[in-house]
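No lab work stands behind these numbers, since they all come straight from the coordinates. Small disclaimer: the values here were computed from a predicted structure and weren't measured. Note that we place each Cβ from the backbone using ideal geometry, even for glycine, and neighbour counts take in every protein chain shown.
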Amino acid sequence: MLTIGLFGFGCVGQGLWDVIHRTHGLRSRIARIFVKDKHKARPLPQSAFTFERHDILNDGSINVVVELIDDAEAAFEIVSAAMRNGKAVVTANKKMVATRFRELLELQRESQQPLLYEASTGGSIPIIRNLEEYYDNDLLSGVEGIVNGTTNYILSKLSVNNEANYYDVLHDAQRLGFAESDPTLDVDAWDAAYKTVVISAHAFGAVIHPDDVVRRGIATITPFDVAVARSHGCDIKLLSRTSLHNNKLIAWALPTFVPHTDMLAHIENETNAIRLHGAFSDDQLLIGKGAGAHPTASAVLSDIAALKYGYRYEYKKLFQNDIPQFNTDISTRVYIRGDESHLKSIDFIDVEIDHKANNNRYLIGRTSMRALAESEPFISSECFIAIV
Ligand code: HSE
């Protein structure tokens, strides 16, 4: 019997309550729920809740802590204390996992307790356990895809309706429970960067920092950018990619022109899709809901169920000899829309399209990923940049 102490009762926490009560035969129960706000109205009796972390952390009858709060620092304190107190932990906190990866490895070693975090990446898609178990022996060369539901929801709506207002659509994504409490984490691609870090570790054994991921979001997109992509037979998607180039790892989370001939262009709304390039398996695409209460809770539920048979990550790729080094020195084709001074400040290897009309100026050309990431337009709030 698993007796669960739950931290957080927001969108995913409430989703987990539902899915546990609708899953027969799991033999698990939520004994106590920690929440911060004493005055918020909640759909369960007050006795289900505590406002003291230690009521769960020091309760010897609770053997599993499920951590679903959105503060990564507080989450790390809770997870560390729980594991040191002999409890297995399931978390959905991608920021905590990505920024504290090595400390969490050490905690698992020290406490001998499992830490599972399938829900941190790709929502309902079972990517981490697949990378751990199924792709253990295949020679992966890259993992790429749509790993943020909020931005995919926004980009889908902007793509079908040229009149749609970016802020209205973002607001809908918040209302539907897809966005983070601070939605800049979604639209500035931090969320996708955290997930890219988690995938890099499990796919290639490379533990990188979220700051290493070449990252730029979608907040500066305009209907003009959508129309340019369309004229090239593409839709714009925020893609995450971690891949090997001459045994060096490159990781990015960037808006990308995805051709309509590519299945990723047809992944709509909050759905996520992750494509794995394997030497023997060739390409495989995993598709599933990437955000929302029940889809995310389903991944948490799957981790809870896995604890019943003693499952834990082995991190085999982390302990292999040839862990790839991080590198941003590859050339890439990009679209940059901005004013003359922005476009001039990028060191292009070659320029294929140089467009000037009706106050709209853009270039499509080849540059190095490093030059792009270090360029002034890359941090400008007036440019839109996409990989082509
Ligand atoms: N805000 C995240 C997203 C939630 O939109 O994908 C799921 O991780």
Review point. Against the longest alpha carbon principal axis of the chain, how many degrees, from 0 to 90 and to the nearest 10, is the axis of helix 190-204 turned?
Key: 80
Revision key, fill the gap. Ranked from fewest to most other Cβ atoms within 10 Å of their own Cβ, S124, S368 fall in the order S368, S124
Review point. In whole Å, what is the distance between the alpha-carbon centres of the range 247-302 and the range 327-388?
Key: 26
**Study point:** Distant alpha-carbon pairs in the range 2-116 (separation over 26 angstrom), percent
**Key:** 15
Check your understanding: chymotrypsin sites (Phe, Trp or Tyr not before Pro), restricted to the range 8-54: which are DSSP loop and have at most 14 other Cβ atoms within 10 Å?
Key -> F51
Practice item. Work out, in µm²/s and without decimals, the Stokes-Einstein translational diffusion coefficient of the range 233-388 at 37 °C, 0.692 mPa s, Rh from Kirkwood over C-alpha pairs. Key: 176
Point to revise | Spatially proximal lysines relative to K308 (Cα-Cα < 17 Å; intrachain offsets below 8 disregarded) | key: K87
Check your understanding: What is the distance in Å between the Cα centres of the range 87-139 and the range 52-75?
Key -> 17
Practice item. Calculate, in nm to one decimal, what F280 and S141 gain on full extension: separation in residues at 0.36 nm each, minus their alpha carbon distance. Key: 49.0 nm
Exercise for review: Could you work out the Kirkwood radius for the range 231-306, taking every pair of different alpha carbons, averaging 1/r and inverting it, reported in Å?
Suggested key: 14.6
Exercise for review: Set the Förster distance to 35 Å, then compute FRET efficiency between M1 and D211 from the Cβ-Cβ distance, nearest 0.05.
Suggested key: 0.25
Review point. With r defined as the distance between the Cβ atoms of E314 and N58 and R0 fixed at 30 Å, what FRET efficiency is calculated, to the nearest 0.05?
Key: 0.50
Review point. Taking a threshold of 18 Å on the Cα-Cα distance, which of the pairs K195/K237; K95/K195; K38/K94; K248/K344 fall above it?
Key: K38/K94; K248/K344
Exercise for review: Treat each spin label as a single point 7 Å out from the Cα along the C-beta direction, and report the E374 to T50 distance in nm.
Suggested key: 5.2
Point to revise | For the chain: relative contact order, % (alpha-carbon pairs under 8 angstrom, 6 or more apart) | key: 18
Check your understanding: When the convex hull of the C-alpha atoms of the chain is computed, what volume per residue in Å³ does it have?
Key -> 141
**Study point:** H24/K248 FRET efficiency (R0 56 Å; Cβ-Cβ; nearest 0.05)
**Key:** 0.70
Study note, to complete from the structure: Length gained if S331 through R361 is fully extended, taking 0.36 nm per residue and subtracting the Cα-Cα distance, is 8.6 nm
**Study point:** In the range 195-301, the chymotrypsin sites (Phe, Trp or Tyr not before Pro) that fall in loop regions by DSSP, at most 14 other Cβ within 10 Å
**Key:** F280
**Study point:** Cα shape, the range 147-272, gyration tensor, a/c 1.5 rule
**Key:** oblate
Review point. Tell me, in nm to one decimal, what length is gained between S381 and D37 on full extension, where the rule is 0.36 nm per residue of separation less the Cα-Cα distance?
Key: 120.3 nm
